[in-house]
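Here is the structure we will look at, set down as structure tokens.
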Amino acid sequence: GQGESGDTGTWFKRDDGSMFVLLCDGMGSGEAAQKESGLAVRLLEDFLRSGMESVAALRTVNSALSLKNEETGAFTTVDLLRIDLYTGTGELCKLGAAPTYLRRKGAVSRMSGAALPAGLAEGEGEPDVTQLELREGDCVLLVSDGIADGTEDGWLRELMTQFDGESPKELARLVMEESEKRVGAADDRTAVVITLKKRPEGRGE
């Protein structure tokens, strides 16, 4: 029922071969929530593009939003996924975000955390960090809590288990459609799907 989504996401690559995927969910919905999540994404992208490490960037943004929160009372969750496109290593960092799902050879695992959202805990806002060693064929699904908050996610795991790995866009569409049937449209909903494939020889990274 809102004109704007309170979720904001983006992705980009750095010259060192790192790919970043950001997903932030502002408190509530509509324009106010979009401003909070959009600000977090813009700040994080600026810091990460400058070469800052993931955790340091999150700490800095959390401090900035905590100061802002004293005036507005607003906050935002943060998912920050970094993947080294040459090695598959990386990390998933969370501040209050919904669980993330990893599918490997048909088995689905869930990555979650207990950290508070950005803007709620200045000086104590250490993100939850999961180290990753991704392989060809792996599939990663990031969602905002309008999709699933981790309490009733069997249907989502089943969709991922059945995923043939060919069309990330199709899996994202199925997740969105099924979540609307089950959860409804009470909150903003975002699904981001990443699959890893090797490029043919001679085509770079």
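Some points to look at:
- Pick from region 119-151, criterion of a type in the set (S, T, N, Q) and open to solvent by 10 Å² or more (accessible area, probe 1.4 Å), ranking: modelled with the lowest pLDDT: 151
- So residue 162, is it open to solvent by 80 Å² or more (accessible area, probe 1.4 Å), more than 13 Å from residue 99 (Cβ to Cβ), of a type in the set (S, T, N, Q) and at pLDDT 95 or above: no
- Among residues of region 72-91, those that are without any contact (Cβ under 8 Å) to a residue 60 or more places away in the chain, touching a helix residue (DSSP H, G or I) at 6+ places or on another chain (Cβ under 7 Å) and either within 11 Å of residue 20 (Cβ to Cβ) or assigned to a strand (DSSP E or B) (or both), counted: 3
- Filtered residue count, region 15-29, keeping only those that are touching a Pro at 6+ places or on another chain (Cβ under 9 Å) and either basic (Lys, Arg) or over 18 Å from residue 74 (Cβ atoms) (or both): 0
- Qualifying residues in region 92-104 (those that are touching an Asp or Glu at 6+ places or on another chain (Cβ under 6 Å) and touching a residue at least 60 places away in the same chain (Cβ under 8 Å)) - the one surrounded by the fewest Cβ atoms within 10 Å (Cβ to Cβ): 98
- Selection count, region 6-37, where residues are open to solvent by less than 20 Å² (accessible area, probe 1.4 Å) and closer than 16 Å to residue 143 by Cα: 10
The values are calculated or read from the model by the stated rules, or taken from the named source; none is laboratory data. Please read all numbers here as calculations on a predicted model, not as lab measurements. Cβ atoms come from the backbone with ideal geometry, glycine included; neighbour counts cover every protein chain shown. Accessible surface is based on the protein model in full, side chains and every heavy atom, while ligands, DNA and RNA are left aside. Shrake-Rupley method; radii C 1.70, N 1.55, O 1.52, S 1.80 Å.
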